[in-house]
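Enquirer: Have a look at this one before I ask anything.
The values are calculated or read from the model by the stated rules, or taken from the named source; none is laboratory data. This structure is a prediction, so every number in the text was calculated from the model and none was measured. As a convention, Cβ positions derive from the backbone with ideal geometry for all residues, glycine included, and neighbour counts pool all protein chains shown. What goes into the accessible areas is simple: the full protein's heavy atoms, side chains included, and nothing from ligands, DNA or RNA. Shrake-Rupley method; radii C 1.70, N 1.55, O 1.52, S 1.80 Å.
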Amino acid sequence: MHKSRRAFPLLLRILLAVLLLVAVFFLTLRLLPSRTLSDFTARQYSSRFYDRDGKLLYIMPLEDGLRREYYPLDQMGTNLVQAFIDAEDKNFRRHFGVNLFSLVRAAVQNGKEGRVVSGASTITMQLARIIWPRKGRVNLLVKTKEALLAVYLETKLSKDEILELYLNSVPFGQQIEGVGSAARSFFSCEPASLSPEQCLRLAEIPRRPADSQLEKSFVYPSLCMHFVNHVIASYKEAKQHIPPTLELAIDSSLTSHAEFLIQKKLEEYKEARIHNGAAIVLDNRTGEVLVWAGNASFDDDAHSGQIDGVSVRNQPGSSMKPFLYALAMEEGFSPSSVLPDIQQDFGSSGVYVPLNFNNRYNGPVRFRTALASSLNIPAVYLLHELGLKNYMERLYLLGFDSLRGSEEGTGLSLALGSSEVTLEEMARAFSVFTNDGLLMDVSYTKAGGSSRDGWRRAYKSDTARVMCDILTDEGARSLGFGHASVFDTPYPSIFKTGTSNQFQNIIALGSTTSYTVAVWMGNFEGETVIGETGSSIPARVVRSLLDELTQTGGAANFKQPASYRKVRLCALSGLLPTASCPSVIEEYVGKGSEIATCSWHYIENGRVKVHYPSEYQHWADSRNFLGNSAQGTGDSQGPLTITYPRNGALFIYDASLPASVQYLSVTAVGGKEKSASLTLDGQPVGNASQVFSWNIPLSRGFHVLTVTCGTERAVSEFEVK
């Protein structure tokens, strides 16, 4: 009895020591880090991309072509989970990584047969083998290592975590891993939608994948691929893993409709070498991308269909002008300011714009008309006055990151959209006007709200509101475009168009308070478009998309500017009218601003006449519409002098206009004779009498002009870039 009492404390101490050793062992395993396990749990899965309505767009394969989708355990379905537990490890919930009973049974059976006829691997041991693949032949040492790794996993992860990781990693052969990709590949459904019979059949495959009679039956979707590829690229650029499931903002049905509209126009104008088109639609309230059509067809290999026209950089032409005019308003100009649309250069900057789309110089034009009719020379004038650096900084604020690093090679031709930007940048920047001056944060994923927190201010609210008023003004637009019905919408909307590079790039922008649409057309081959195609082609696609969107989303009225008032002004001078002013308009002027009375118009012999300011005298005298030399009274008192172009002038060839309408007006004064002749690079151009003026075609390169009047000669050299 006494010995028994002494033995009990000894056994107790031994038991406690064993328990302590076991506890220390498991605690050590739990605290022991594993880079391999960490890397495995953080590895990339095949991401699923859905549109905003839950439609599956694409399942991204891994780099080696493997399909391995990730599903949380509670989204796999209880039938499927139980089928794998029954097939692989019925005691999964009751062991700690190793089933000792199964190990003994397997050892006995394999010993009797002299070969492996029964395995003893638990689900945890199978997962360990996936994480730490076997090397060499299977022997007792290898199995012991797998058992220890299984115990290690049980200390690091919960049972559900082990089961979830295993089911998302188990191989099925045929470049398929995980029950999610297996269910989709073999049965064309999500794992939770499998029938009990399908679950059982799927659970049998991992044992002998090569012997499976199941074949892939699912055709993987590839919708909205330009956008999906762009999203993938953005994640890679940020060096971030793409989530297993991504709900994108895009509306796949509307994107398909946009592709259809573009394709119709491409078919209509295919003889003009317009082979490509792209469209983007932004929700102004949330910043979401609703449409991203990089081309009419992603599969059009003949015309580089896989190139993404939304993210490719192109010259936007005149569609950039609203950003310049909005800056001008914030630097002191107003809708009533008069701008010069006359032949001119700008000193050392030397940018010359030969003609506008209406093929003439219009003299003094009001700010509103110059923008709405997209006149070229007033835009260059504004940029010269505002300064290139000032404008570039505003463009950076508007999100034109494509322009960064191009400052040295940029000149005043930036006013005409000569620098390359993306269609996405154009759409986002154009939305500031209908968004009351705020620049949206573009969202590729479904935002789930309309918060504008963090959206930065690009222009004052009143600047944006006045710009909306100008860009909806049909009368102001008529000088450059006539009365185009495509812009006449039954809802409040603004439009701007642009072309460049001999119509290789044709762009149209449209916006309401709810949506902004941008469409580009042209070709990726760099070929010159044939014929007099214009920006009305993409404008019709923009109009169709806005019509579609407003049926469901509506379009509110634009707000009126708070710091401006409408005043009656002389339509020509932009000043307060007198009884002599033949035409009067209403225009916005700043509240409290003083406006002078018009001194341009006067009455002489009962007729209204105009006294133009000095800078418009040459234009007024010559009325230099495209044609023969002007007539008038010359100045024969001084020496023969070429007054235009000045010696050393630098001009920029306007690639957005056909060569047939690009002319330079050469003028000279003085001389002792009544007639003079002109040669260009030694070739005779023609004679002029009284007023010495000639129109010569513009071409790139260095050129020499020589005017001869009797025995006198005058020479002027200029360059066209």
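Enquirer: Using only the alpha carbons of region 127-264, determine the length spanned along each of the three principal axes and report them from longest to shortest in whole angstroms.
Expert: 70, 39, 29
Enquirer: Please list the non-local residues whose amide H lies under 5 Å from the amide H of Y644, H modeled 1.01 Å from N, same-chain partners needing a gap of 5 or more.
Expert: Sorted by chain and number, the residues that satisfy this are T667.
Enquirer: If amide hydrogens are placed 1.01 Å from N in the peptide plane, which non-local residues have theirs closer than 5 Å to the one on G178?
Expert: Those qualifying (amide H under 5 Å, at least 5 residues apart or on another chain) are S169, V170, F172.
Enquirer: Here is a follow-up. Assuming R0 = 56 Å, can you tell me the calculated FRET efficiency for the pair N647 and E215, based on Cβ-Cβ distance, to the nearest 0.05?
Expert: Values: r = 80 Å, r/R0 = 1.43.
After rounding to 0.05, the efficiency reads 0.10.
Enquirer: Using a 1.4 angstrom probe on the protein heavy atoms only, line up H303, H241, H226 by accessible area, largest first. Don't jump to the answer; show the numbers that get you there.
Expert: Numbers: H303 55, H241 120, H226 10 Å².
Reading off the accessible areas and sorting them downward yields H241, H303, H226.
Enquirer: Just to confirm my numbers, what's the Cα centroid distance between region 161-190 and region 50-95 in Å?
Expert: That distance is 5 Å.
Enquirer: For K270, K145, give me the order by solvent-accessible area with a 1.4 Å probe, most accessible first, ignoring ligands, DNA and RNA. Please report the intermediate quantities before stating the final value.
Expert: Working: K270 105, K145 125 Å².
Accessible-area ranking of K270, K145, largest first: K145, K270.
Enquirer: Using only the alpha-carbon atoms, how far is helix 388-397 inclined from the longest principal axis of the chain? Give it as 0 to 90 degrees, nearest 10.
Expert: 30 degrees
Enquirer: Just how much of E525 is accessible, in Å², when a 1.4 Å probe is used and the result is rounded to the nearest 10?
Expert: Only protein atoms counted, so the area is about 80 Å².
Enquirer: Let me ask another. Rolling a 1.4 angstrom probe over the protein chains, ignoring ligands and nucleic acids, what is the accessible area of K674 in square angstrom, nearest 10?
Expert: The accessible area of K674 comes to roughly 140 Å².
Enquirer: Grab the DSSP H runs of the chain that are 4 residues or longer, score each as -39,500 (n - 2.57), total them, divide by all residues and round the 222 nm result to the nearest 500 deg cm²/dmol. Working shown, then result.
Expert: On the way: 20 runs with 237 residues, N = 721.
Computed mean residue ellipticity for the chain: -10000 deg cm²/dmol.
Enquirer: Could I ask something else about it? What's the angle, to the nearest 10 degrees (0 to 90), between helix 376-386's Cα axis and the longest principal axis of the chain?
Expert: Once rounded, the angle reads 80 degrees.
Enquirer: Also, I was wondering about something else. Helix 78-88 versus the longest principal axis of the chain: what angle, 0 to 90°, nearest 10, using Cα atoms?
Expert: 50 degrees
Enquirer: Could you tell me which label, among (1) 89, 62, 55; (2) 144, 57, 47; (3) 90, 59, 55, carries the value of Cα extents along the principal axes in Å calculated for this structure?
Expert: Looking at Cα extents along the principal axes in Å for this model, the match is (2).
Enquirer: Ranked highest first by average number of other Cβ atoms within 10 Å, how do 408-421, 285-298, 65-78, 548-561 line up? Spell out each step's value before the answer.
Expert: Numbers: 408-421: 19.7, 285-298: 24.8, 65-78: 17.5, 548-561: 15.3.
Packing proxy ranking, top to bottom: 285-298, 408-421, 65-78, 548-561.
Enquirer: Express in nm, to one decimal, how much length is gained between R313 and L32 on full extension, taking 0.36 nm for each residue of separation and deducting their alpha carbon distance.
Expert: 96.0 nm
Enquirer: May I pose another question? How high is the FRET efficiency from E719 to K270, r the C-beta distance, R0 56 Å, rounded to 0.05? Each step should come with its number before you reach the end.
Expert: Details: r = 38 Å, r/R0 = 0.68.
Using R0 = 56 Å, I get an efficiency of 0.90.
Enquirer: Taking a point 7 angstrom from the Cα of E527 along the C-beta vector, which residues in region 301-343 have backbone N less than 15 Å away?
Expert: 301-305
Enquirer: Okay, moving on. Quick one: Cα centre-to-centre distance for region 379-418 and region 657-721, in angstrom?
Expert: For region 379-418 versus region 657-721, the Cα centre distance is 32 Å.
Enquirer: Over region 119-160, what lengths in whole Å, largest first, do the semi-axes of the equivalent ellipsoid take, defined as the square roots of 5 times the eigenvalues of the alpha-carbon gyration tensor?
Expert: 18, 9, 9
Enquirer: A further question on this structure: Whose amide H sits under 5 Å from the amide H of S443, counting only residues 5 or more places off or on another chain, with H placed in the peptide plane?
Expert: Sorted by chain and number, the residues that satisfy this are E288, V289.
Enquirer: Let me ask something else. Grab the beta carbon distance between V704 and Y602, set R0 = 41 Å, and tell me the FRET efficiency rounded to 0.05. Show your work: numbers first, answer last.
Expert: Working: r = 44 Å, r/R0 = 1.06.
Given R0 = 41 Å and the Cβ-Cβ separation, E is 0.40.
Enquirer: Turning to a different aspect of this structure: What distance in nm separates the simple spin-label points at E673 and T144, each placed 7 Å from Cα in the Cβ direction?
Expert: 11.5 nm
Enquirer: Determine the order of S256, S374, S311 by accessible area, beginning with the largest, at a probe radius of 1.4 Å. Could you put the intermediate results ahead of the total?
Expert: On the way: S256 65, S374 5, S311 45 Å².
Reading off the accessible areas and sorting them downward yields S256, S311, S374.
Enquirer: Please name which of F227, H95, G554 has its Cα lying farthest along the dipole of the chain towards the positive end, using unit charges on Cβ (Lys, Arg +1; Asp, Glu -1) and the Cα centre as origin.
Expert: Value computed over the given set: H95.
Enquirer: Rounding to the nearest 20 debye, state how big the charge dipole of region 148-253 is about its Cα centre with +1 on each Lys and Arg Cβ and -1 on each Asp and Glu Cβ.
Expert: On the way: 9 positive and 13 negative charges, 55 e Å.
Charge dipole, region 148-253, about its Cα centre: 260 debye, nearest 20.
Enquirer: Given a 1.4 angstrom probe, I'd like the percentage of the accessible area of the chain that is carbon and sulfur, rounded to a whole number.
Expert: Numbers: 17210 of 33520 Å².
Taking all protein chains in place, the chain shows 51 percent carbon and sulfur surface.
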